[in-house]
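Working notes for the structure below.
The values are calculated or read from the model by the stated rules, or taken from the named source; none is laboratory data. Only a predicted model underlies this, so the values are computations on that prediction, with no experimental measurement involved. Please note: Cβ atoms are built from the backbone with ideal geometry, for glycine as well, and neighbour counts cover all protein chains shown. Ligands, DNA and RNA are stripped out before the accessible areas are found, and what is left, the full protein with its side chains, is counted by its heavy atoms. Shrake-Rupley method; radii C 1.70, N 1.55, O 1.52, S 1.80 Å.
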Amino acid sequence: MKARTLFVCGECGNETAKWYGKCPSCGNWNTLQEMKPPTEVPGGGKRRAPGPSVSDNTPVAVGKIDTAKEIRCSTGVGELDRVLGGGAVQGSLVLLGGEPGIGKSTLLLQISGSLCRQGSVLYVTGEESLRQFKLRAQRLGISPENLYIYAETRMDDILEAAQRLSPSFVMVDSIQTVYRPEISSAPGSVTQI
């Protein structure tokens, strides 16, 4: 059987079976990129969510699922913990969004300082230098020994640093600056994110 070719727009994420000079969805020119279809995953190609699984892979009544062992970490910001249902769930990903200049980086730094009471934090910054970060941390009075800063935007380097350090928490500020060199679209595009 012939492998199916897929073209994905780097701006809007639209998928088509054919290449077009202009994306049929968003109308941008030269944004379609050929993508290889996902390969089969061992075990029949089925992906499972993290966590305990049922050995015979049968549906389970929602009322019978045990959530007592769910580990939540307080962010140190009461309202954010409330929005997250009591804190961030271990192994989860939380995306903080908003207009430029409203204080997302300051809030992330404050959260990082609070999370340092529970474990080490790797703070990846793609928008500020190490010096800028330190000046902001000093202004906020945040200087725990287990807060690590890494100024990088290349995803492979970020993953390598995280594996080496093995922190309890990772903050990426901002995800729009991070890129993988094997993907030809620009950082911040739908494909890169």
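What does DSSP give for the chain in terms of the percent of beta bridges that are antiparallel, rounded to the nearest 5?
Roughly 45 percent of the DSSP beta bridges within the chain come out antiparallel.
Using C-alpha positions alone, give me the convex hull volume of the chain per residue in cubic angstrom.
Values: hull volume 37.0 nm³, N = 193.
Looking at the chain, the number lands at 192 Å³ per residue.
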Partnerless cysteines, meaning none of the other Cys C-beta atoms lie under 4.7 Å away, in the chain: 73, 116
Carbon plus sulfur fraction of accessible area for the range 129-173, probe 1.4 Å, in percent: 48 percent
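What is the chain's relative contact order, in percent, from Cα pairs under 8 angstrom and six or more apart in sequence? Kindly include the intermediate steps, with their values, before the conclusion.
Details: 253 pairs, mean separation 35.2, N = 193.
With pairs under 8 Å counted, the relative contact order is 18 percent.
Can you pull the Kirkwood radius for the range 114-183, inverse mean 1/r over Cα pairs, to one decimal in Å? Intermediate values should be presented prior to the final figure.
On the way: mean 1/r = 0.0794 Å⁻¹.
Computed over the range 114-183, the radius equals 12.6 Å.
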Around residue 151, which amide H atoms from residues at least 5 apart in sequence, or from another chain, sit under 5 Å from its own amide H, with H modelled in the peptide plane? 125
